[in-house]
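Novice: Sharing a structure here in structure tokens format.
FYI, it's all coordinate maths here, none of it is from the lab. What you see is a predicted model; the values in this text were computed from it and never measured. With ideal geometry, Cβ positions are generated from the backbone for all residues, glycine too; neighbour counts draw on all protein chains shown.
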């Protein structure tokens, strides 16, 4: 009887151990018996979408050159990129990467053929591509890239994606240190500026949320358009009025050109010389009408933010920044 009882107890213990082991295995598996992998990263993009990455992306396609620069700066790499004519847009390491069309004309079939595990898209340009890419089970994050804050945010994000958080942190610290060095030398002047946005067809006035406006605000310059509201939400310009310009009489006038810069500059210079209203402006009289380089002030300069800040600071205060180098 005692032997029989012992055998029964041993049987019960063995069954219990088997059941406990099975339960433990089930807790690590899905209902179908497959192991559940812990997700790598969840990203809330600038369109308010939550995008889950199950593993660290190894095959990334970047649909805007601006993002490509930041990705490579934190030791990331791409298998696909857009074409660009700008000498600053494509990192040297990415020159041989497969092209998937122009920023505004993406070849979706080419993107899909690269079998990416992440596509980085630009908000306002590539939103319509999301359904097509997601239907092919391709994760897509949609990001904005308008202000200087966006640059620092994206450096951090890409560091999180690539797994190089420390590299991203060092990069932003270095950029901030350069900016701080520039800002610390600013005089206490209340310098008043205007930023004209000139195209072949018209001229408008840039607000503080434009790239040049961001730079001016960083340098504590008084933008005469700062108190104005854009006509359309998200716009960074307002209609231009020579009368208003004369009324505010800025110390310096910056001009950002879009399109054929040489033609636009000649056209504006002719207007300045032939319109008496222009000659009444102090900035014109003192030859302080400055045409800003498009690569630093038309589009977001990205990693070159300190260079843009230094350029504008040198234009306004040459006696302080003339010999400064980045």
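Novice: Spin-label point model (7 Å from Cα, Cβ direction): what's the residue 232 to residue 266 distance in nm?
Specialist: Those two pseudo-labels are separated by 3.1 nm.
Novice: Okay, moving on. For the stretch 41-163, what does the alpha-carbon gyration tensor say about shape, rounded, prolate or oblate, given a ≥ b ≥ c as the root eigenvalues, a/c under 1.5 as rounded, and a/b over b/c as prolate?
Specialist: rounded
Novice: Using a Gaussian network model on the chain with a 10 Å cutoff between Cα atoms, which of 145, 104, 311 fluctuates the most?
Specialist: The residue that fluctuates most here is 104.
Novice: Restricting the count to DSSP beta bridges whose residues both fall in the chain, what percent are antiparallel, rounded to a multiple of 5?
Specialist: The antiparallel proportion sits near 35 percent.
Novice: Evaluate the distance, in nm, between pseudo-label points positioned 7 Å from the Cα of residue 319 and of residue 242 along their respective Cα→Cβ axes.
Specialist: 3.2
Novice: Between 61, 256, 112, which gets the highest mean-square fluctuation from a Gaussian network model of the chain, Cα cutoff 10 Å?
Specialist: Comparing 61, 256, 112 in the GNM, the peak value goes to 112.
Novice: Report the residues of the stretch 37-67 in range of a label on residue 86: point 7 Å along Cα→C-beta, backbone N strictly under 11 Å from it.
Specialist: The answer is 64-67, whose backbone nitrogens lie closer than 11 Å to the label point.
Novice: In addition: For the stretch 185-321, what value does the Rg/Rh ratio take when both radii are computed over Cα atoms and Rh is the Kirkwood radius, given to two decimals?
Specialist: 0.93
Novice: Right, another one. May I ask you to give the average projected area over all directions of the convex hull of the Cα atoms of the chain, in nm² rounded to one decimal?
Specialist: Hull-based average projected area comes out at 24.9 nm².
Novice: Place a point 7 Å from Cα of residue 183 in the direction of its Cβ. Which residues in the stretch 147-177 have their backbone N less than 11 Å from it?
Specialist: Backbone N within reach: 176-177.
Novice: Still on this structure, I have one more. What nm distance separates the two modelled labels at residue 105 and residue 165, each placed 7 Å from Cα along Cα→Cβ?
Specialist: It works out to 4.3 nm between the two label points.
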